[in-house]
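The values are calculated or read from the model by the stated rules, or taken from the named source; none is laboratory data. In this text, all values refer to a predicted model and were calculated from it rather than measured experimentally. With ideal geometry, Cβ positions are generated from the backbone for all residues, glycine too; neighbour counts draw on all protein chains shown.
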Amino acid sequence: MSAEHQRQEVRELLQPEGWDAPQRILVVLAHPDDPEFFCGATLARWIDAGHLVSYCLLTCGDKGTHDRQMSAEKLCRIRHEEQERAADFLGVSKVRFLDFPDGYLVADLKLRKAITRVIREERPDVVLTCDPQLLFVGDERINHPDHRAAGQACIDAVFPAARAHLYFPELLEEGLEPHTVRELWVSLPVEPNVFLDVTPLWERKIEAILCHKSQIVDEMALRERMKNRLARGSTPEHPRYEEAFRRIYLSQR
């Protein structure tokens, strides 16, 4: 093996994304706290590397409470504030909320158009969303229907709607030209093809999650649960943490 080949392998190990310039990365997910729970350590990794990360949250999570005295309007305000704090903690450049009703997301044309508009406005190199195929999480949880709808609508917006001028032609009247996203990253994937070692960033992920105080019943239990999410082959004595994705390289055609 040549020395240059060895150096290339080392670069790929340390920087498996292979990006040689700062990327514009748009995160499209359903609820406040989804970015931090799903991939907060990876987002910290990318921000530390100089990439520009922005969020588009489709709802404000206004049904995420068991408090019978809490109104949806008040919870929406709280969750906006919590998400802004978490994003600031990680160094996210911008957070926008589309404020569709929490719990009622449907991957219909209205939602697809709204996401297409954001993609054409932000013109990202990379879009990150979640896997619409994920129905069951292990043997104990059902994936939230909003997560599935968000992933499906986002993927449908990335391709083909955002890149083709005849989709939602009224967006052209708003001055929003078609845009081709270069890569799609899917979190919580049923079939991952990328595993990022985020061990040095795991504590930051936990601290970002803890910004969402309205969603946390027991802080110590959450910390313990997150620290037990060890990557395969690691131990509590020598912990290692990973975040997994399905990475799709999109052609220009």
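Is there any pair linking a residue in region 161-172 that is farther than 16 Å from L111 by Cβ to one that is exposed (fewer than 13 other Cβ atoms within 10 Å of the Cβ), with Cβ under 7 Å and at least six apart or on different chains, and which?
L172/H165
Among what's in region 145-154 and is of a type outside the set (G, A, S) and surrounded by 19 or more Cβ atoms within 10 Å (Cβ to Cβ), pick the residue that is farthest from S187 (Cα to Cα).
My answer is D146.
Does at least one position in region 188-205 carry a residue that is surrounded by fewer than 16 Cβ atoms within 10 Å (Cβ to Cβ) and either basic (K, R) or modelled with pLDDT under 95 (or both)?
no
Within region 206-226, work out how many residues are touching a Phe, Trp or Tyr at 6+ places or on another chain (Cβ under 8 Å) and either of a type in the set (S, T, N, Q) or assigned to a helix (DSSP H, G or I) (or both).
Total satisfying the criteria: 4.
Within region 7-32, work out how many residues are surrounded by fewer than 24 Cβ atoms within 10 Å (Cβ to Cβ) and either acidic (D, E) or modelled with pLDDT of 95 or more (or both).
Of the residues in that region, 9 qualify.
Go through region 183-228 and report how many residues are closer than 10 Å to Y241 by Cβ and hydroxyl-bearing (S, T, Y).
The qualifying residues number 1.
Failed condition for L111, given (1) assigned to a helix (DSSP H, G or I); (2) of a type outside the set (G, A, S); (3) surrounded by fewer than 16 Cβ atoms within 10 Å (Cβ to Cβ), with all others met?
(3)
Can you say whether R163 is in contact with a Ser or Thr (Cβ under 9 Å, 6 or more places away or on another chain) and basic (K, R), as far as the supplied structure shows?
In short, yes.
Could you please let me know if P124 is buried (at least 21 other Cβ atoms within 10 Å of the Cβ) and closer than 25 Å to V92 by Cβ?
Answer is yes for this residue.
Pick from region 215-253 the residues that are small (G, A, S) and surrounded by fewer than 15 Cβ atoms within 10 Å (Cβ to Cβ): which of them is farthest from F195 (Cα to Cα)?
A221
In the set D125, D102, D108, D88, which member is out of contact with any Leu (no Cβ under 8 Å at 6 or more places or on another chain), of a type outside the set (S, T, Y) and free of Cβ contacts under 8 Å to residues at least 12 places away in the same chain?
Sole residue among the options that is out of contact with any Leu (no Cβ under 8 Å at 6 or more places or on another chain), of a type outside the set (S, T, Y) and free of Cβ contacts under 8 Å to residues at least 12 places away in the same chain: D88.
Do we have G138 as out of contact with any strand residue (DSSP E or B) (no Cβ under 9 Å at 6 or more places or on another chain) and either modelled with pLDDT of 95 or more or on the phi > 0 side of the Ramachandran plot (or both) here?
yes
Consider V137 carefully, then state whether it is closer than 18 Å to F37 by Cα, surrounded by fewer than 17 Cβ atoms within 10 Å (Cβ to Cβ) and not small (G, A, S).
Considered against the rule, which asks whether it is closer than 18 Å to F37 by Cα, surrounded by fewer than 17 Cβ atoms within 10 Å (Cβ to Cβ) and not small (G, A, S), V137 comes out as yes.
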